[in-house]
1. For the pairs 207/237; 158/260; 76/118; 178/242; 87/139; 76/123, note any where the Cα-Cα span goes beyond 22 Å.
2. Rounded, prolate or oblate for region 72-198? Axes are the square roots of the Cα gyration tensor eigenvalues, ordered a ≥ b ≥ c, and the cut-off for rounded is a/c under 1.5.
3. Less than 18 Å apart at the alpha-carbon level, and either on another chain or at least 8 residues along: which lysines does that give for residue 35?
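Computed from the coordinates by the stated procedures, all read-outs in this text should not be read as laboratory data. Because the structure is a prediction, the values reported are computed rather than measured.
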Amino acid sequence: MIEETTTTEDNPVAETSAPAETVLGSTESDNQDWKSTLSEDLKNDPTLSNFKDVESLAKTVVHQQKVLGNRIPIPKTDEEKLEVYNKLGRPETAEKYEVSIPTDYKQYMPEEQVNQFKNVAHKIGLNNEQVNALVEYQKNTIDHEMNNQPARIDASRKESEKNLKDEWGYDYDKNVAKAKRALSVYGDEEILQLMNTEAGNHPAVIKMFARLGEDVTEDMAKNTQNNSLAVSPLDAKEEISKIYEDKAHPYHDAKHREHKAAVEKVRQLHEKVFPS
């Protein structure tokens, strides 16, 4: 009896397929399950679901680090604040601020005050651009005050007139004339400049000059050209001539910031030369 023999060819055994090995390593993709080595918490974090492989994750991390590197963290200590101020452009010292004050504004912003402002600006961390923006704001404020000064003076004059007329009644004109006579005799240049401001309309000031004018006669007021503390009609006429001859005077320049004040001064000088 012939025995039957079986061979592997007749009954092949199933073999498990293993990844082919090459010189460079396994041909199986390393990114097939790149999250397999992570902990369960990280592996299941929805944030990672947007990344298909390690390379895309790495690119995102690198990009975010570059962005964060350009940001300034919120300072928590004085040292950190100083570092932020410097990064934002604050100069090394207050003296290094580049601030230019036009000549017309120097009387309103003297050097000493500007230096004090620089010290404060440096302390609170302002850069040069911010400092000059504040200086420009101050200049605009001064311009606004100067442009509106005549209107304010006129408004205060009308209010004072009403109050004094209510108080003096029929004696109003007489008392104002006394005040003018006293001012013409006792008023020096400084006082006259002060009287051209709102102070010249204050009822208390007017009443004081009215009391002084009780002893001042018309002749005294007209003959004060030799009195160094007085501005007589002759003095006023001479000053008007000087202003007319001085072409650089603000009176002749409608764009000058002191033009309106100069026009008002000339008007008052004319009133002294040609009293009503």
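1. Correct reply: 207/237; 76/118; 178/242; 87/139.
2. prolate
3. Answer for residue 35, where 18 Å is the Cα cut-off: 43, 52, 59, listed by chain and number.
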